[in-house]
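Scroll down for the structure; my scribbles are underneath it.
The values are calculated or read from the model by the stated rules, or taken from the named source; none is laboratory data. It should be emphasised that the depicted structure is a prediction, and the values quoted were computed from it without experimental measurement. Here Cβ is always computed from backbone atoms with ideal geometry, including for glycine, and neighbour counts include all displayed protein chains. All accessible areas refer to the heavy atoms of the entire protein, side chains included, with ligands and DNA or RNA removed. Shrake-Rupley method; radii C 1.70, N 1.55, O 1.52, S 1.80 Å.
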Amino acid sequence: FNSRIAAQQAEKLAKTHSTLNDEQYVSVLFEHVLCRQPTVEERTECTSYLKLFQGGTKARVQLALVLLNHNDFVTIR
């Protein structure tokens, strides 16, 4: 979770998609990282988190970092 590589990639993802609104960002981020759309519950939680921090860059980076450490991303099925 705290690796330099994960942090750099999270920053890159947030920067690449910086022009999107919060809901679009969540959808694109899930698609990019997990290759699927978020569930209704996931979308609600993620957009609420971003709104709490007013969609700031740091919040977007942290959300990307969380998804990079999501069980669906780090395990092979």
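Below is a table of values for the structure above.
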item: Residues of region 55-73 classified as crowded, with 17+ Cβ neighbours inside 10 Å and either closer than 11 Å to residue 30 by Cα or basic (Lys, Arg) (or both), total; result: 5
item: Candidate set from region 2-31 (those that are of a type in the set (D, E, K, R) and under 12 Å from the mean Cα position of the chain (by Cα)); member that is most open to solvent (accessible area, probe 1.4 Å); result: 15
item: Every residue from region 36-73 that is touching a residue at least 40 places away in the same chain (Cβ under 8 Å) and not in a helix (DSSP H, G or I); result: 69
item: Qualifying positions in region 32-54 - open to solvent by 90 Å² or more (accessible area, probe 1.4 Å) and more than 16 Å from residue 70 (Cα to Cα); result: 40, 51, 52, 53, 54
